[in-house]
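What follows is a single structure, written as structure tokens, with notes after it.
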Amino acid sequence: MKKRVLSLLTLTAVLTIALNSCTIDVNDGLGEGNTVTTPGTTESVLSGSGTLAGTITKDLLIKKGNYTLDGIVKITNNATITIEAGATFNVVTTKTSGLVVLQDGKINAVGTASDPIVFTTSTKTPGDWGGITLYGKAPIKAVNGNTQALSEDGNNVYYGGTDANDNSGTMKFVRVEYAGKKIGDGTSETNSMTFYSVGAGTTLENLVSYKGTDDGYEFFGGTVSAKNIVSYGNYDDSFDWQDAWSGQNNTNWYAFQTGTGNFGMEIEASSNIDNVAPKVSNITLIRAANTNPESANSPEISAIQFKKHGTGIFSNVYISGYKNIGNQKAYSVLIQDAATETSQVNTGKVKVEPLTYLNSDNAGIWGYAYTPNGGKTFTNSTTVTKVSLVPGAWATVDGVNLLAGLQ
């Protein structure tokens with residue numbers, strides 16, 4: 001057995017090491033008798049408290065409890081980090097902190113609706129830390145059709161691969177609070193949750209991004225899909241993608257924009273005409289009254305924006321609360337350039353239907369940042385319903401039910 005080094009942390013409690021053990025009992029909230037099997041490795045265990053830091057190079061089990069996440073924690077060397085339901089991480093904010101799963105790492109974080117996995121901060125300030133970032137080995141199409149690109153999250157990692165079904169692990173009932181820390185020159189930011197070339201073998205379900213200062217979720221290429229995801233109070237776009245992300249099995253996406261917020265969805269394909277349109281069924285985008293874009297007089301106030309050959313096939317779309325601000329107009333759908341209209345909208349790779357657009361300005365028409373060749377119109381559909389999500393602690397912060405807007 002090859003010995004691996006775990007460069008981990010200063011523990012504030014007892015660190016239990018289970019050597020030469022291939023099976024470890026885990027209470028994952030799914031019933032008794034569940035196990036995680038890791039043949040051919042040794043397993044380290046955090047048993048209820050401690051500090052997570054450094055680079056993780058062998059499998060690590062984190063049991064239910066309260067922990068500190070200190071600095072940039074990277075998972076690599078074919079290691080898997082397994083996090084039990086009910087684990088809570090208080091993130092250090094006096095330095096740049098984040099959880100980064102590299103291409104040769106994996107995450108297995110499975111909470112429950114009543115006992116989620118939570119990453120938060122004591123100061124409760126948007127932009128406190130860098131959030132969760134996954135790197136996979138699925139294909140991308142970056143600028144100029146490049147199949148590799150350098151990450152913009154400060155980790156300077158090249159992403160992009162050839163395995164569409166690559167598996168970066170599982171995240172269920174995980175909540176990330178107060179992320180989106182500014183990095184580098186002070187203008188770039190991380191997101192609450194970021195997925196670089198993540199493959200379709202990865203499971204993303206019942207996730208919450210809460211009050212981050214950049215996007216709630218951003219996909220950089222890849223083929224992964226996400227189900228039952230909530231973006232609440234994030235400053236930039238609730239959902240964002242580029243590099244020809246092409247997830248096909250997405251459903252139940254809910255965004256509630258309040259206080260500060262740009263687009264509900266910002267969609268581009270890094271100017272690649274040839275891309276596979278992602279599919280999302282059941283989208284609810286709600287913008288609370290008096291929500292303003294990050295920059296004054298910004299046009300970033302529409303529900304869904306397409307640009308640079310961005311595509312998407314969306315069904316059962318419910319939009320409410322998108323109002324004009326000053327001289328800027330808000331639309332249900334905004335097309336930013338003629339090339340996207342010609343090559344994507346007019347070829348059926350951009351669809352937002354059936355659609356209902358309520359309590360908003362400029363109803364019944366799509367918006368265009370130029371003179372369109374025609375222009376889309378629509379009638380509110382009576383069949384559209386809001387997204388339905390299971391209630392519980394996973395979507396409750398400081399006593400506030402994040403799903404109240406769906407009721």
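The values are calculated or read from the model by the stated rules, or taken from the named source; none is laboratory data. Given the structure is predicted, the values throughout are model-derived calculations rather than measurements. Note that we place each Cβ from the backbone using ideal geometry, even for glycine, and neighbour counts take in every protein chain shown. Side chains are part of the model used for accessible areas, which takes the heavy atoms of the whole protein and leaves out ligands, DNA and RNA. Shrake-Rupley method; radii C 1.70, N 1.55, O 1.52, S 1.80 Å.
A few points about this structure:
- Overall, the accessible surface of the chain at a probe of 1.4 angstrom is composed of carbon and sulfur to the extent of 47 percent.
- For the chain, the relative contact order works out to 9 percent when only alpha carbon pairs closer than 8 Å and six or more residues apart are counted.
- For residue 86, distant residues with modelled amide H under 5 Å away: 112, 117
- Sequence ranges 279-291, 263-275, ranked by mean other-Cβ count within 10 angstrom, highest first: 263-275, 279-291
- Gap separating the Cα centres of region 321-383 and region 220-288, nearest whole Å: 16 Å
- Sorted on the mean count of surrounding Cβ atoms within 10 Å across their residues, most packed first, peptides 390-401, 356-367 read 356-367, 390-401.
- Accessible surface calculations at 1.4 Å, restricted to protein heavy atoms, place region 125-203 at 37 Å² per residue.
- With the convex hull of its Cα atoms as the shape, region 254-308 has an orientation-averaged projected area of 4.4 nm².
- Here the simple spin-label model places points 7 Å from the Cα toward Cβ, and for residue 388 and residue 49 these points are separated by 4.4 nm.
- Dipole magnitude for the chain: computed about the Cα centre from +1 point charges on Lys and Arg Cβ and -1 point charges on Asp and Glu Cβ, it is near 260 debye.
- Normalised by residue count, region 232-359 yields a Cα convex hull volume of 93 Å³ per residue.
- Prolate/oblate/rounded call for the chain, Cα gyration tensor, a/c under 1.5 rounded: prolate
- Flagged links, alpha-carbon separation over 24 Å, of 63/172; 308/349; 137/172; 58/211; 181/349; 124/279: 58/211; 181/349; 124/279
- Looking at region 264-399, the accessible area is 43 square angstrom per residue; that uses a 1.4 Å probe and ignores ligands, DNA and RNA.
- Around residue 168: net Lys/Arg minus Asp/Glu count, Cβ-Cβ under 13 Å: -1
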